[in-house]
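The values are calculated or read from the model by the stated rules, or taken from the named source; none is laboratory data. What you are looking at is a predicted structure, and each value in this text was computed from that prediction instead of being measured. For neighbour counting, all protein chains shown are included, and Cβ atoms are generated from backbone atoms with ideal geometry for every residue, glycine included.
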Amino acid sequence: MAALTASIVGCRPARESHALQRCEDRCRHHAPDCDEEACTRGCRAVSDREVEGFGKAVFRCVHEAGTCSERTFARCAVRQGVHADGGPPVPASYPDDD
């Protein structure tokens, strides 16, 4: 049982590292102005969009923005996918009971 547990625990970081490397490769391809460090930081910031399949669109947005800051990655990430429209409207306010 200990060997099985060790093998399962031992594989997880490698899998995560592989996913991060793939993301960084896509970043450098679709946002060529970003250096390696910017792609690493950006991939960590937008990993949820990468899993959802919107990574390419995020990287294109970053490239079009012309800057590789974490703020740009975040701004581009929220403009992709089901939340691209800003989410549901704010509920109507209710009068105070006071």
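Side notes on the structure shown:
- Search result, residues across the stretch 27-60 that are among the acidic types (Asp, Glu) and either buried (at least 18 other Cβ atoms within 10 Å of the Cβ) or touching a helix residue (DSSP H, G or I) at 6+ places or on another chain (Cβ under 6 Å) (or both): 50, 52
- If you check 16, 24 for being out of contact with any Gly (no Cβ under 7 Å at 6 or more places or on another chain), modelled with pLDDT under 90 and surrounded by 11 or more Cβ atoms within 10 Å (Cβ to Cβ), only one passes: 16.
- Here the stretch 50-73 is the region considered, the condition is being at pLDDT 90 or above, within 11 Å of the chain's Cα centre (by Cα) and among the aliphatic types (A, V, I, L, M), and the residue that is farthest from residue 24 (Cα to Cα) is 57.
- Residue match in the stretch 66-73 (condition: more than 20 Å from residue 21 (Cβ to Cβ) and either assigned to a helix (DSSP H, G or I) or among the hydrophobic types (A, V, I, L, M, F, W, C) (or both)): yes
- Residues considered: 31, 2, 45. Of these, the only one that is in contact with a Phe, Trp or Tyr (Cβ under 6 Å, 6 or more places away or on another chain) and at pLDDT below 90 is 45.
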